[in-house]
Amino acid sequence: MKFGDYTKIKSLQNPAGFRANLEALGLAMPCDDIVASGPNAPLAQPLDVDGMTVGNRFAVHPMEGWDGTEDGLPSDHTRRRWRHFGLSGAKLIWGGEAVAVRPDGRANPNQLMLTGATERAIGELREGLVAAHRDAMGDDRGLVIGLQLTHSGRFAKPNDKKRLEPKILYHHPVLDAKFHLAADVHVFSDGEIRALIDDYVAAARRAHKLGYDFVDLKHCHGYLGHEFLSAKTRPGEFGGSLENRTRFLRELVSGIRAEAPGLKIGVRLSAADFVPFRPDPEQSGPDALGPGVPDAHALPYRCGFGSREDDPLAIDLIETKAVIAIALELGVKMFNVSLGSPYYNPHLTRPALYPPSDGYQPPEDPLIGVMRHFAVTRELKQSFPDAMFMGSGYTYLQEFLPNVAQAVVREGWVDLVGLGRMVLSYPELPADVLAGRGMQRKRLCRTFSDCTTAPRNGLVSGCYPLDANYKKSPEMATITLIKKAANLA
């Protein structure tokens with residue numbers, strides 16, 4: 001199969017055709033012919049999690065819009081998105097979106113923060129979500145809402161959308177060069193890490209006060225929590241051994257337990273990471289992105305997590321399972337499984353047919369990437385059957401998302417089906433599936449990646465192709481020009 005010659009999901013007529021395509025790709029992904037509805041349907045079954053009851057098996061990933069105020073407050077765009085989370089019908093809202101615990105940890109100058117000055121507004125986001133859920137579903141029974149807490153680390157841009165102001169844990173030989181980090185870039189000291197832990201705990205205490213059911217201690221996608229897990233070359237108490245690399249997580253949990261007793265804790269985890277990718281220079285031109293290829297790297301590659309040092313494109317979950325075991329010993333029972341980073345290997349994190357403007361064409365059929373997500377989550381669930389695992393990678397399934405979601409839940413591969421980009425274009429999908437209504441095909445996300453291209457170019461995120469709120473906005477013309485310049489339109 002030559003580059004780009006991938007079957008479009010919307011061209012497959014029915015589940016049998018979808019399964020035939022899977023078979024041709026050599027993928028053993030389950031897919032049911034009929035999606036059940038009503039109270040006995042697999043996707044409608046409640047789930048008991050850490051003393052809470054989640055009312056069905058649909059969940060919403062953290063979906064940041066890059067659309068708050070410079071003071072860290074939500075905007076009308078933010079409030080609208082959170083209302084959509086509520087009306088989706090999904091019963092677990094994992095984190096809402098990434099909320100910085102202090103100014104220097106913001107991924108962009110418009111990221112939400114949870115401080116004394118923003119506390120009331122962050123609480124109102126939750127209240128608006130709950131009200132929308134009641135309107136859509138009749139009541140809020142079984143609705144569980146968390147708040148994702150973060151520091152963006154090496155991907156922080158707190159003051160200027162185009163200027164990195166990174167704070168790192170160690171010098172990464174590939175990422176430092178890829179993102180042009182200076183030799184004197186700020187490296188967190190152990191004392192600074194402990195001060196940051198205090199900021200996390202203060203934010204968690206506020207979230208508890210505001211009525212959030214849990215906080216997510218973000219350990220994914222190349223941000224600071226994730227970087228701790230690969231800090232094998234860092235000296236001191238927070239690097240080197242796995243015990244040291246999990247000290248940040250352990251001290252966060254301990255502090256939150258002391259200051260916000262009763263608040264549940266979850267972890268969104270990049271369970272495996274690959275070496276960064278770039279467009280293949282031999283297949284790229286001045287107006288086109290080539291397929292992704294690995295960046296040059298030396299072996300052993302000691303900067304990965306969940307991959308082999310002698311082959312950083314091979315998943316190895318030994319340390320991932322060790323981290324989950326440590327978290328379980330701390331009483332953390334909820335895990336949202338992701339992979340890699342959208343900054344440097346987006347095909348791993350978000351399987352898509354169309355790349356963002358700063359990415360590369362898919363180096364594999366995106367269904368292979370979806371199956372990679374499923375296989376990793378399944379292996380973790382099999383290893384820790386009493387823990388709750390929420391899966392990722394479902395949006396690319398499009399028409400067949402409910403058929404596959406029902407099958408993997410029914411077969412015990414995963415506990416909760418996490419939806420991200422799909423909620424931007426078609427938030428009511430879970431409610432429609434659960435009620436037995438036909439899906440609205442014209443609203444299905446086709447993974448055009450405009451929701452990523454926009455913030456990479458300083459614009460608010462949203463579904464520009466399908467959501468009229470963004471399609472009719474002035475930013476739409478800018479997005480179109482950006483995509484034409486990158487030969488993506």
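A quick yes/no check of all residues on (1) over 19 Å from Asn110 (Cβ atoms); (2) crowded, with 23+ Cβ neighbours inside 10 Å:
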| site | (1), (2) |
| --- | --- |
| Val433 | yes, yes |
| Gly436 | yes, no |
| Gln440 | yes, no |
| Leu444 | yes, no |
| Ala454 | no, yes |
| Gly458 | no, no |
| Cys463 | no, yes |
| Ser473 | no, no |
| Ile482 | no, no |
For this session: Kindly indicate the residue of segment 231-283 that is closer than 21 Å to Phe179 by Cα and touching an Asp or Glu at 6+ places or on another chain (Cβ under 7 Å) and also surrounded by the most Cβ atoms within 10 Å (Cβ to Cβ) among those meeting that condition.
Result: Pro276
Problem set entry | Subset tally (residues that are touching a strand residue (DSSP E or B) at 6+ places or on another chain (Cβ under 8 Å), surrounded by fewer than 19 Cβ atoms within 10 Å (Cβ to Cβ) and either within 22 Å of Arg372 (Cα to Cα) or among the β-branched types (Val, Ile, Thr) (or both)) for segment 320-335 | 0
Problem set entry | Hits in segment 172-205 (condition: among the acidic types (Asp, Glu) and within 24 Å of the chain's Cα centre (by Cα)) | Asp176, Asp199
Exercise. Inside segment 382-395, can you point out the residues that are crowded, with 21+ Cβ neighbours inside 10 Å and either acidic (Asp, Glu) or in a helix (DSSP H, G or I) (or both)?
Worked result: Thr395
Problem set entry | Search result, residues across segment 1-54 that are of a type outside the set (A, V, I, L, M, F, W, C), in contact with a helix residue (DSSP H, G or I) (Cβ under 7 Å, 6 or more places away or on another chain) and in a helix (DSSP H, G or I) | Lys10, Pro15, Pro42
For this session: Could you tell me which numbered condition Pro366 fails, if it satisfies all but one of (1) within 21 Å of Phe179 (Cβ to Cβ); (2) in contact with a helix residue (DSSP H, G or I) (Cβ under 8 Å, 6 or more places away or on another chain)?
Result: (1)
For this session: State yes or no: is Val275 in contact with a His (Cβ under 9 Å, 6 or more places away or on another chain) and within 29 Å of Gly51 (Cβ to Cβ)?
Result: no
Exercise. When only residues in segment 398-441 that are of a type in the set (Phe, Trp, Tyr) and part of a loop (DSSP other than H, G, I, E, B) count, which is nearest to Ser11 (Cα to Cα)?
Worked result: Tyr426
For this session: Under 7 Å between Cβ atoms, at least 6 apart or on separate chains: pull out the pairs that start in segment 40-67 with a residue that is more than 9 Å from Leu92 (Cβ to Cβ) and end on any residue that is aliphatic (A, V, I, L, M) and assigned to a loop (DSSP other than H, G, I, E, B).
Result: Pro42/Ala36; Gly65/Val460; Trp66/Val460; Asp67/Val460
For this session: Output yes when any residue across segment 111-134 is modelled with pLDDT of 95 or more, charged (D, E, K, R), out of contact with any His (no Cβ under 9 Å at 6 or more places or on another chain) and over 30 Å from Thr53 (Cα atoms), and no when none is.
Result: no
Problem set entry | Matching entry among Pro294, Pro312, Pro300, Pro276 (being more than 22 Å from the chain's Cα centre (by Cα) and not β-branched (Val, Ile, Thr)) | Pro300
For this session: Output the qualifying pairs, or none if there are none: Cβ atoms under 6 angstrom, residues six or more apart or on different chains, first residue in segment 345-366 and touching a residue at least 12 places away in the same chain (Cβ under 8 Å) and crowded, with 24+ Cβ neighbours inside 10 Å, second residue among the aromatic types (Phe, Trp, Tyr) and part of a helix (DSSP H, G or I).
Result: Pro351/Tyr396
Exercise. Would segment 181-192 turn up any residue that is crowded, with 17+ Cβ neighbours inside 10 Å and more than 30 Å from Val293 (Cα to Cα)?
Worked result: yes
Exercise. Which helices (runs of 4 or more DSSP H) sit wholly inside segment 152-232 and have at least 3 residues that are in contact with a strand residue (DSSP E or B) (Cβ under 6 Å, 6 or more places away or on another chain)?
Worked result: 190-209
Problem set entry | Single match in Ala314, Ala327, Ala260, Ala298 (criterion: among the hydrophobic types (A, V, I, L, M, F, W, C) and either at pLDDT below 95 or in contact with a helix residue (DSSP H, G or I) (Cβ under 6 Å, 6 or more places away or on another chain) (or both)) | Ala260
Exercise. Only one residue in Ala28, Ala44, Ala90, Ala36 is aliphatic (A, V, I, L, M) and in contact with a strand residue (DSSP E or B) (Cβ under 7 Å, 6 or more places away or on another chain). Which one?
Worked result: Ala90
For this session: Filter segment 284-312 down to the residues that are in contact with a Ser or Thr (Cβ under 7 Å, 6 or more places away or on another chain) and buried (at least 20 other Cβ atoms within 10 Å of the Cβ), then identify the one that is nearest to Ala375 (Cα to Cα).
Result: Gly306
Exercise. If Ser338 satisfies every condition in (1) closer than 27 Å to Thr452 by Cα; (2) surrounded by fewer than 20 Cβ atoms within 10 Å (Cβ to Cβ) but one, which is the exception?
Worked result: (2)
Seminar exercise, completed: Result of the Cβ filter at 6 Å on segment 308-337, keeping first residues that are among the basic types (Lys, Arg) and partners that are in a loop (DSSP other than H, G, I, E, B) and surrounded by fewer than 20 Cβ atoms within 10 Å (Cβ to Cβ), at least 6 apart or interchain, is Arg308/Asp316; Lys333/Asp50; Lys333/Ala387
Seminar exercise, completed: Per the list (1) buried (at least 23 other Cβ atoms within 10 Å of the Cβ); (2) among the charged types (D, E, K, R); (3) in a loop (DSSP other than H, G, I, E, B), residue check on Arg81 breaks on (3)
Problem set entry | Filter result for Glu227 (over 30 Å from Lys91 (Cβ atoms) and buried (at least 24 other Cβ atoms within 10 Å of the Cβ)) | yes
Exercise. Quick check: is even one residue across segment 315-333 in a helix (DSSP H, G or I) and acidic (Asp, Glu)?
Worked result: yes
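The values are calculated or read from the model by the stated rules, or taken from the named source; none is laboratory data. Only a predicted model underlies this, so the values are computations on that prediction, with no experimental measurement involved. Counting neighbours? That spans all protein chains shown, and the Cβs are built from the backbone with ideal geometry, glycine included.
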